[in-house]
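The values are calculated or read from the model by the stated rules, or taken from the named source; none is laboratory data. Treat the numbers as computed from the prediction; the structure is a model and nothing was measured. Because the Cβ atoms are built from the backbone with ideal geometry, glycine has one as well, and the counts that use them run over all protein chains shown. Ligands, DNA and RNA are excluded from the accessible area calculation, which covers all protein heavy atoms including side chains. Shrake-Rupley method; radii C 1.70, N 1.55, O 1.52, S 1.80 Å.
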Amino acid sequence: MLGARCLLRAVRFCSSAPCPRHKPSAKLSVRDALRAQNASEERVKVQGWVRSVRSQKEVLFLHVNDGSSLESLQVVADSSLDSRKLTFGSSVEVQGQLVKSPSKRQNVELKAENIDVIGNCDAKTFPIRYKERHPLEYLRQYPHLRCRTNILGSILRIRSEATAAIHSFFKDSGFVHIHTPIITSNDCEGAGELFQLEAAGKIKVPEENFFNVPAFLTVSGQLHLEVMSGAFTQVFTFGPTFRAENSQSRRHLAEFYMIEAEISFVDSLQDLMQVMEKLFKATTMMVLSNCPEDVNLCYKFIAPGQKIRTYAEKQLFNWGIDLQTEHEKYLVKHCGNIPVFVINYPLALKPFYMRDNEDGPQHTVAAVDLLVPGIGELFGGGLREERYHFLEERLARSRLTEVYQWYLDLRRFGSVPHGGFGMGFERYLQCILGVDNIKDVIPFPRFPHSCLL
């Protein structure tokens, strides 16, 4: 195994490889080309897909996009470079000079010297039509092609930026990133809506099991984060979770991404709520700052089409009954259509690990949800029951003591007050972009009776 010094030396050697004698055309992304302030007329190379073709008698105009930005780069070429293969959707490599554009719509354009068609595209059979704004419902039929549209391209760039912003927030706040397992033997939510795993292609023996215990796809990384919070005071995870809920609603997926965090030495919901609020604000500010054109496209073509549901002014809630989506949206509207924290839920509605408030006949636990306009619940969290005897009694009542003996051990050996929360990533994107259906903010949606690709 290489020592640290040998490894650094090897990295330096690899990074200082000699350059070829003949300098090739500099490869630029469309985004970098568009950002060029001064057109130096240096020879450059741009690769991407044709978004439009316009051929005149002496001049050929192309718009090429490589996914790095919403805006495409205009390519101007001599009509002699025109070809039948140059169609909407075809992939190309263009070499030429980046020059100042006479048009006010863009700062620069690419004066092409050579255009190579890398991959043909039959525009007549291509499901995505030139200059046609396809409904999101139509595009869901083509999960392998819909990313080539402007709207899905914008959503996915925003998704990427939001992912980076979330990691940046936690890193700057001193959190340790933990990779929690996707395969688990725990049912964290206690709802029983789990995908159970079985080895494929083998004879099934009822008495035997690949892991010797039933194994499932995770619904949450919370319990594993609680383990880690006994060694690191602030931890988080960001990964896929799964729920076998037979729902076709606009709010549910069978596979979705969760941001979850656990913080040690926390003894008030207010402390948790502050972190939740800071995460939401910091992520949103970075998205708005770094993806303004993409966000504006979503607001222009998606948000105006949303249907705003209204509710009659009547009592919708009874103590001890769980809040449904319509209740959550009513609360948000009643409070002025701004994010709302709801705290201290009835004990009977929450899982065994929520901290008992010991508050008499109402008997609540220290749980908190953040409700947002248009979505309902976005964050869910609370303080965890760190007191051994309280937790032991609740597990005994649920007949889970043997299964969660390891969880009790965390309270026997150096237990501390702690709490945490989870945020649904797709719901967050719906919230900030005004996207009505959750299936349109994830690259490959999985839901009942649909697993395309």
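Roughly what % antiparallel, to the nearest 5, for the DSSP beta bridges in the chain? So the antiparallel bridges amount to about 90 percent of the total.
The 1.4 Å probe gives accessible areas that order Thr163, Thr218, largest first, as Thr163, Thr218.
Taking 0.36 nm per intervening residue step and subtracting the Cα-Cα distance, what contour gain separates Leu452 from Cys335 on full extension?
Roughly 38.1 nm would be gained on extension.
In the context of the full set of protein chains, the stretch 123-276 has a per residue accessible area of 54 Å² (1.4 Å probe). Among the listed pairs Lys350/Lys439; Lys171/Lys439; Lys27/Lys111; Lys45/Lys100, those with a Cα-Cα distance over 26 Å are Lys350/Lys439; Lys171/Lys439.
Given R0 = 22 Å, the distance between the Cβ atoms of Arg251 and Ile343 translates into a calculated FRET efficiency of 0.50. Cross-link partners for Lys278 among the aspartates and glutamates, with Cα-Cα distance under 16 Å and sequence neighbours closer than 8 places in the same chain left out: Asp172, Glu260, Glu262, Asp369. Sparse packing (at most 16 other Cβ atoms within 10 Å of the Cβ) combined with a DSSP loop state is found for the following trypsin sites (Lys or Arg not before Pro) in the stretch 30-95: Lys57, Arg84, Lys85. Of the trypsin sites (Lys or Arg not before Pro) found in the stretch 376-453, those in coil by DSSP whose Cβ has at most 15 other Cβ atoms within 10 Å are Arg387, Arg399.
Rg and Dmax of the stretch 389-453, both derived from C-alpha coordinates alone, stand at 19.7, 49 Å. Just the protein heavy atoms count here, and of the accessible area of the chain at 1.4 Å, carbon and sulfur take up 54 percent.
In the chain, a dipole from Cβ-located charges (positive for Lys and Arg, negative for Asp and Glu) runs towards its positive end, and of Gly96, Val342, Ile438 it is Gly96 whose Cα lies farthest in that direction. Where in the stretch 380-453 are there chymotrypsin sites (Phe, Trp or Tyr not before Pro) that are in a DSSP coil and have at most 13 other Cβ atoms within 10 angstrom of their Cβ? Answer in residue order: Phe413. In this rough spin-label picture, where each label sits 7 Å from Cα along the Cβ direction, the Ala231-Ser185 distance is 1.9 nm. Ordering of 345-353, 69-77 by packing is 69-77, 345-353, highest average first (other Cβ atoms within 10 Å, averaged per residue).
All other residues with a Cβ under 12 Å from the Cβ of Gly67 taken together, and with Lys, Arg as +1 and Asp, Glu as -1, what is their net charge?
So the surrounding residues net to +1.
Among Glu58, Glu161, Glu137, the sequence by solvent-accessible area, most first, with a 1.4 Å probe is Glu58, Glu137, Glu161. Using the Cβ-Cβ distance between Phe413 and Gln362 with R0 set to 35 Å, the FRET efficiency from 1/(1 + (r/R0)^6) comes to roughly 0.60.
Quotient of the Cα radius of gyration of the chain and 2.2 N^0.38 Å, N being its number of residues: 1.20. Projecting the Cα positions of Tyr388, His418, Leu70 onto the charge dipole of the chain (unit charges on Cβ atoms of Lys, Arg, Asp and Glu, taken about the Cα centre) puts Leu70 furthest along the positive direction.
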